[in-house]
Amino acid sequence: MKRIAPIFILIAVVCIAALVLQSCKEEVVDFDANNCKGNTAFIQKMGFDGQSSFFTTTDQKIMGLVLKQSEQPGNPNARIVKSFQHPSWKKGGWLAPILIDEGGNIFTSPAPFINILDNPISNNNTIYRVDAASGEMQEFMHLPLQDSINPQNPYGIIGMVYLCETNTLYVSSVAGSRLHQENGHIYAIDIKNKKIIDQLDHVDAMGMGISYGAGKRQLFFGTGRSSDVQVITLDASGKFSGKPQTTFTLQNLGPRGDDKVRRIKTDNNGNLLVYGIEFNFNLIAPREKQEMLYRFIYDESEKQWIYQQNP
C-alpha cells in the first residue's frame with residue numbers, strides 16, 4: 001500500500017482548517033443608511049406635489065389611507081391644501097402602519113382604532129399593497145391566523161420595517177396575544193415572492209428599526225411589555241441569525257422613566273433614534289401619544305450602545 005507523504009497530509013489539514021475558520025467567521029457589513037423609499041408615481045398623476053404631500057392613516061374622520069398636500073411640509077399643524085382617497089383605500093377598514101418600498105409601492109395593514117365593525121378580527125393579519133403606478137390597493141398576503149381568536153385582542157399587525165438590501169419586509173403582529181401571554185410574531189417576508197422566509201415566535205414587537213451599525217445588519221425592536229430594546233442579527237438573505245438579545249433599555253430614562261419603544265430609526269451617522277411613549281400593555285393601541293426621542297451611539301471600545309443625554 002502506497003503511503004501518503006506527511007507533507008501532503010499537513011497541507012490537507014491546514015486547508016480544511018482554513019475553510020472551517022472562514023465559514024465560522026462572523027460576517028462584517030459596511031454601514032448603509034437603509035433608505036431606499038422610491039417615488040410613488042401616481043402622486044404626480046393626481047396633481048399633487050411630491051415634496052409637500054404625504055400619506056396618513058390617522059385622520060379620525062376618514063377611514064383608510066389618505067393622501068394630503070400640506071402648505072408647510074414637516075409642520076403637522078400646517079394647513080392642508082388638498083386631499084385625495086382612492087375608492088380602494090377603504091377596503092381594509094381603519095389602517096395603521098405605512099411603509100413605502102424602493103418601487104414606491106405602499107404597504108399597510110388594518111388597525112381597529114375606532115371599532116371592530118370595519119375591522120373584523122379575522123382580517124387583522126392582512127397586508128395590503130397600494131400599487132405605485134395605478135394607486136389601487138389590493139390584498140398582498142395573509143399572515144397565519146392564530147389557533148384561538150381572543151375577543152379581548154382585536155389587533156394583529158402593528159409594525160413594519162424594510163431591508164433594502166434583500167427586499168425583505170419585517171412585520172410584527174400581536175394576533176393571539178393575551179394580557180399575560182406573549183404570543184406575537186415577527187415575520188420576515190420576501191416581498192417579490194410573497195413568501196415568509198423566517199419568523200420569531202412569542203414576541204410582541206411594538207416598535208422596530210434596522211441598523212447597519214457595529215459592522216452588522218441588525219433588527220432592533222421593543223415590546224409593549226418592558227422598556228428593554230432587543231436586537232437580532234440579520235444574515236445576507238434577510239433571515240434571522242441567532243437569538244434576540246437585550247442590548248439596552250429606556251428604563252429610568254426621560255421624564256417618565258418607563259417608556260416603551262414606538263419606533264426606531266437610524267440617522268446618517270449610524271446612531272439609533274429611539275422614539276418612546278408612555279404605554280401599559282393592555283392591548284389598546286395608542287393612536288396619538290407624545291413621543292420622547294432617545295439617541296444611542298455605538299461605543300466601539302466598549303462594544304455597546306450608549307445613551308447620549310444631550311444630542
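Candidates in the stretch 105-119 are the residues that are in a loop (DSSP other than H, G, I, E, B) and in contact with a Lys or Arg (Cβ under 8 Å, 6 or more places away or on another chain); of these, the one that is surrounded by the fewest Cβ atoms within 10 Å (Cβ to Cβ) is 105. Scanning the stretch 124-146 turns up at least one residue that is on the phi > 0 side of the Ramachandran plot, in contact with a helix residue (DSSP H, G or I) (Cβ under 8 Å, 6 or more places away or on another chain) and in a loop (DSSP other than H, G, I, E, B). Taking the numbered list (1) touching a His at 6+ places or on another chain (Cβ under 9 Å); (2) within 30 Å of residue 40 (Cβ to Cβ); (3) touching a residue at least 40 places away in the same chain (Cβ under 8 Å) in turn, residue 188 passes all entries but (1). Criterion first (within 26 Å of residue 256 (Cβ to Cβ), of a type in the set (S, T, N, Q) and surrounded by 23 or more Cβ atoms within 10 Å (Cβ to Cβ)) does residue 173 satisfy it? No, not satisfied. Take the conditions closer than 30 Å to residue 183 by Cα, touching a His at 6+ places or on another chain (Cβ under 8 Å) and at pLDDT below 95 and apply them to residue 125. Does it pass? The answer is yes for residue 125. Filter the stretch 69-103 down to the residues that are in contact with a Pro (Cβ under 9 Å, 6 or more places away or on another chain) and assigned to a strand (DSSP E or B), then identify the one that is farthest from residue 118 (Cα to Cα). The residue in question is 70. One residue alone among 22, 44 is modelled with pLDDT under 90, part of a helix (DSSP H, G or I) and exposed (fewer than 13 other Cβ atoms within 10 Å of the Cβ), and that residue is 22.
Every test in (1) of a type in the set (S, T, N, Q); (2) touching a Leu at 6+ places or on another chain (Cβ under 8 Å); (3) not in a loop (DSSP other than H, G, I, E, B) is passed by residue 152 save one, and that test is (3).
The set of residues from the stretch 187-216 being of a type in the set (Val, Ile, Thr) and either more than 17 Å from the chain's Cα centre (by Cα) or part of a loop (DSSP other than H, G, I, E, B) (or both) comprises 191, 203. Within the stretch 257-279, the residues that satisfy the criterion of being buried (at least 16 other Cβ atoms within 10 Å of the Cβ) and in a strand (DSSP E or B) are 260, 261, 262, 263, 264, 265, 266, 272, 274, 275, 276, 277. For the stretch 171-193, the set of residues classified as of a type in the set (Asp, Glu) and either modelled with pLDDT of 95 or more or touching a Cys at 6+ places or on another chain (Cβ under 9 Å) (or both) consists of 190 only. Restricting the stretch 155-170 to residues that are assigned to a loop (DSSP other than H, G, I, E, B) and surrounded by 20 or more Cβ atoms within 10 Å (Cβ to Cβ) leaves a set whose member that is modelled with the lowest pLDDT is 155. If only residues of the stretch 75-98 that are surrounded by fewer than 19 Cβ atoms within 10 Å (Cβ to Cβ) and of a type in the set (A, V, I, L, M, F, W, C) are counted, the one that is nearest to residue 33 (Cα to Cα) is 98.
The values are calculated or read from the model by the stated rules, or taken from the named source; none is laboratory data. Because the structure is predicted, anything quoted here is derived from the model rather than measured. Here Cβ is always computed from backbone atoms with ideal geometry, including for glycine, and neighbour counts include all displayed protein chains.
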